[in-house]
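Bear in mind these aren't lab numbers, they're just calculated from the coordinates by the rules spelled out. These numbers come from a predicted model, not from an experiment. So basically every Cβ, Gly included, is an ideal-geometry build from the backbone, and we count neighbours across all protein chains shown.
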Amino acid sequence: MAVIDLELSGNIRVQSVQELERTDWPLAQLFADVSPEQFAETVAARDERFANLQTGNLRMSSHSLILRTPQGNVMIDTCVGNDKQHPYIPLWHLQSWPYLERLGRLGLTPDDIDYVCCTHLHADHVGWNTRLENGVWVPTFPNARYLFAEPELRYWEQTHRDNPKHVFANSWHESVLPVIEAGRADVVAADHEIVTGVCLQPAFGHSPGNVVIVVSAGRQRAVLSGDVLHHPVQIERPYWNSMYDQSRELAQATREELLQSIADGETWLIGAHFAGPTALRVIEGGGRFSYV
């Protein structure tokens, strides 16, 4: 289970709510250009927390991250969601996960979430924005302001106008548009400060308006990296692009820049899909990055 409960100085606590864990994700379904032999050469491939040592495949997680701050509870990314239409991905289609029950184990109800921020608007990062009530999609977190980075929101608005049958059309109509129509959405800049010490930072490439979340708490810092890195192996191999990166060149440049900025051995890197120890620290040596 990818469970995190991390106390940062400055009264900020980072916790996770897991929706889905996969212990044998096929390598080719994430890194289409990477051979099993290439993967086997990495440290991550020999780390049982991140790789299935029997099959050579990946261990992955889908989870939300919650920042408990003096100014409110901030939820980052909302996974796939229940009852969502994803016929092209059976694993996601019309599911019923105990996500809200797991949120309750943290002592929180949907009413306790003050802000929701999706790093980008792919289907597995917006699902719990809404839930189905009497056949109608309503905001899951009724008291929250939902923050959407303007470049990302505008891109998907245009995409759905131009191509109503886009692969993410269902998630737009089920998980994003109902929030806007309910008046719960705030369109913000890609460098917006949510609460003191919690800021969006542009990280374009995986999607056109993708952001990461930078948390500064006293002398401590954490970066919630969303899908800039899907798997810890990309710390070692930042030039490996996920097959879901929309702009491969820009995604790689953004990943390398992010790693360079946090390779101090002190900043926490917290991935949206990292299994096992969700929070890692990055160091640089010999012109290469590694994790601890």
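Each label was represented as a point 7 Å from its Cα along the Cα-to-Cβ direction; for Ala28 and Glu133 these points are 4.5 nm apart.
Once the Cβ-Cβ distance of Glu37 and Val3 is raised to the sixth power relative to R0 = 30 Å, the FRET efficiency obtained is 0.40. Using a simple spin-label model with pseudo-atoms 7 Å out from Cα toward Cβ, Ser96 and Thr109 lie 2.3 nm apart. Maximal additional length on extending the Thr159-Arg46 stretch stands at 36.7 nm, based on 0.36 nm per residue less the C-alpha distance.
Based on the Cβ-Cβ distance from Arg13 to His173, what FRET efficiency comes out when R0 is 51 Å, to the nearest 0.05? Mind showing how you got there, number by number?
Numbers: r = 34 Å, r/R0 = 0.67.
E between Arg13 and His173, to the nearest 0.05, is 0.90.
Among 102-110, 43-51, 217-225, the peptide with the highest mean count of other Cβ atoms within 10 Å heads the list, and the full ranking is 217-225, 43-51, 102-110. With a point put 7 Å past each Cα toward its Cβ, work out how far Ser261 is from Asp191 in nm, to one decimal. In this crude label model, Ser261 to Asp191 measures out at 1.0 nm.
How many percent of DSSP beta bridges within the chain run antiparallel, rounded to 5?
Working: 45 of 59 bridges.
Bridges in the chain are about 75 percent antiparallel.
What shape does segment 99-194 take by its C-alpha gyration tensor, where a ≥ b ≥ c are the square roots of the eigenvalues and a/c under 1.5 counts as rounded, a/b above b/c as prolate, and the rest as oblate?
Oblate is the answer for segment 99-194, as a/c is 1.5 or above yet b/c matches or exceeds a/b.
With contributions of -39500 (n - 2.57) from each DSSP H run of at least four residues, the per-residue ellipticity at 222 nm computed over the chain stands at -4500 deg cm²/dmol.
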